[in-house]
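Here is the structure we will look at.
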Amino acid sequence: MKRSLSHTILFAAAAFALALQWIPVQAGEIRAAEDSGSFTSPQRIDSSVICASRLPDKIIPAQVLSGKQLQNLSVHSVADAIRYFSGVQIKDYGGIGGLKTVNVRSLGSEHVGVFYDGIQLGNAQNGQVDLGRFSLDNMSSVTLYNGQKSTGLQSAKDYASASSFYMQTRIPDFADGKKYNVKITMKGGSFDMANPSLLYEQKVNDKISNSFNAEYLYTSGKYKFSYTKADGYDTTAVRQNGDVKALRVEEGLFGTLKNANWKAKAYFYDSERGYPGAFVREEPGKFKHEDRQWDRNIFLQGSITDNVSKRYRTSAKIKLSYDYLHYISDPRLDVTTMYVDNTYRQKEAYLSTAHEINLFKWWDVNVAADVRYNALDADLVNFVEPSRFTGLAALASSFRFGKFRFQGSVLYTFVNDTAEKEGAAAGKKSEFTPTLVFSYAPFGDKGFSFRSFYKRIFRMPTLNDLYYTFIGNKYLNPEYTTQYDLGFTYSKGYGGDIFKHLDVAVDGYFNKVKDKIIAMPASNQFQWTMVNLGYVEIRGTDVAASCRLQFGGLGATLHLNYTFQKAQDFTDKSSSYYGGQIPYVPWDSGSAVLSAEYGYWSLNYSFIYTGERYDSSANIPENYELPWYTNDISVSRTVNIGRSELYATLEVNNLLDQQYEVVQCYPMPGRNFKFILSLQF
């Protein structure tokens, strides 16, 4: 009876949301379009890292990198950029070619929703998105939300993750009289890296524009690193099998209607890469690590937002995607591995509709419904070929009373797994999960405010967790998380000649993870299975501060981040390691970014610190990981050539040549160089 009622609620919400989509269009004003860069010359954009205090419509903690700041960070990919966000840990398995996943506030990478132009990048197979494959070449901003976005008009999927990471590509913007923009970029440097790219934007007419972006990346991935051998002597080795060949092509169309805006995108990504394996100090050079992986990702997506009237907005999103993965691990080349030669194919279809209704000046309501279908095929022995239907329905409401703001939402999730093999599927699961958000500005518009949120969410086991041959367990329960957050922000502009602006954001949080899904040995060490066992508690503090200074013609921006986390594993009370810090979560971490501009010159310095941690919940000396830090510096010069603009940058990364490991036995690059030449006209 309960399940039947839940299904009725889901489909009623979906029917209501779809019905609203056909309400006749009324006169209205288009809300401001998303931020986009322009190729107008010269560009003078102050470098800044925008925190939650700079986002007045976002009452849940948010961190943003955008514009020139992304160019100034001396990073290769999106994964490298978000290391500068507080509360984030990146697992990096070595160099440009290594897998890179993000973990926010120690909840696990499977609890992070990754969105590309407002639509989630799904991976039903393993729940992880490799952020190393996303370039910053065509990116206008990257944003991290703890909890969820707190805007009125958002899809049901936006409510479904413990934290969300949004990548926004640039939208064409043309100076008066211009019909096109062209940007040609060449990046090169250490590790034999060659990275050309082309961005072409065309104004088709006053209502439609086109954007084409193509990028190719090659690197041998070979870099030297130092280590201490088993006999105590220091020596140097070269990282092998980290080469990457990758091609990314994107085509976008953007348009406006009388009271709406829309966009459509086609995306293609193809790569071949080697995965550098763990380096064994006791037997240097013995293992060649010849694992190879081929990826192909294609998707088509589109969205439209219609400002029907001052009191009603609606949006719709659609996506079709295909993912191909081929992985080879050959023990004849690497004796540490078992033979693997498998191919996986994922297909996904996604449809979403959302509606925001302004009932009064102080009360907004948002209703949204999503449906998603995933299918996974693999050439594994006895693979059951699972498919998954997911239905999401969300009801949210926000209230504004003077100095107070409230938002509450309820998300209903329904999941139905089926399989080709009879009796192999996990069946149906459903759940209601709430979120409550609160903010209070005691001094009105003076720039100081408190904010707090509570959120309960769950993640379904991935298709690998449930159905991977000899490992999967179809009886797994979902993994539940509960989040509590309390913080404040302060943002103030100053009229002085030197001190221009100050932003401060501080958040304390407490997270719980129940029924954590982990791998456990089964009949022997070669056969493992997935079980619900873990319970984790995370207590932490995030601090972010930034200021803007001006000394005559010299401008400078300083941004600081600090995170403290105590993330304890309370899985087994009988264990002597009960309450230990969970693997790879440091107690202390932080970053600093200093950007300075004078005329057409700019200097940028960045520093990242990760404190001591352990690679296992057994916090013993054998599992201890040393702290590490890196210093990066870059110098840039802009030159005007007629109506064109040449942008040149020289970067030195890991300036002090520190030898460090993010993950044990996966050494990272030492000092390395990169140059960037970009011509735009």
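Rule-based calculations on the coordinates, nothing more; no lab input. Everything quoted here is computed from the prediction, not taken from an experiment. Neighbour counts run over all protein chains shown; Cβ positions are idealised from the backbone, glycine included.
Side notes on the structure shown:
- For region 77-184, share of DSSP beta bridges that run antiparallel, in % to the nearest 5: 75 percent
- Taking a ≥ b ≥ c as the square roots of the eigenvalues of the Cα gyration tensor, an a/c ratio of 1.5 or more together with a/b larger than b/c marks region 330-436 as prolate.
- Pairs of alpha carbons in region 163-214 whose separation is greater than 18 Å (percent): 49 percent
- Taking label points 7 Å from Cα along the Cα-to-Cβ direction, Leu320 and Leu502 give a separation of 5.6 nm.
- All lysines inside 21 Å of Lys157 as judged from Cα atoms, apart from same-chain residues fewer than 8 positions distant: Lys58, Lys149, Lys263, Lys265, Lys317, Lys319, Lys347, Lys428, Lys429, Lys455
- Using the Cβ-Cβ distance between Val381 and Ile184 with R0 set to 60 Å, the FRET efficiency from 1/(1 + (r/R0)^6) comes to roughly 0.80.
- Stretchable slack from Lys514 to Phe212, in nm (0.36 nm times residue separation minus alpha-carbon distance): 104.2 nm
- Projected area averaged over orientations for region 365-524, convex hull of C-alpha atoms, nm²: 14.7 nm²
- Subtracting the Cα-Cα distance of Arg296 and Arg400 from 0.36 nm times their residue separation leaves 32.8 nm of extension gain.
- On full extension, the segment bounded by Tyr227 and Ala264 gains 8.4 nm, given 0.36 nm per residue less the C-alpha separation.
- Global form of region 490-633, assessed from the alpha-carbon gyration tensor, a/c cut-off 1.5: prolate
- For region 337-479, a crude dipole built from +1 on the beta carbon of Lys and Arg and -1 on the beta carbon of Asp and Glu, taken about the Cα centre, is about 940 debye to the nearest 20.
- Shape parameters for region 574-681, alpha-carbon atoms, Rg then Dmax in Å: 20.1, 74
- For region 133-221: rounded, prolate or oblate by the Cα gyration tensor [a/c cutoff 1.5]: oblate
- Evaluated with a Cβ-only charge set (Lys, Arg +1; Asp, Glu -1), region 108-224 carries a dipole of roughly 200 debye about its Cα centre, given to the nearest 20.
- Simple spin-label estimate for Phe675 and Leu253 gives 4.1 nm between the two label positions (7 Å along the Cα-to-Cβ direction from each Cα).
- In this simple spin-label model, placing a label point 7 Å from the Cα along the Cα-to-Cβ direction at both Val204 and Asp341 gives a separation of 4.6 nm.
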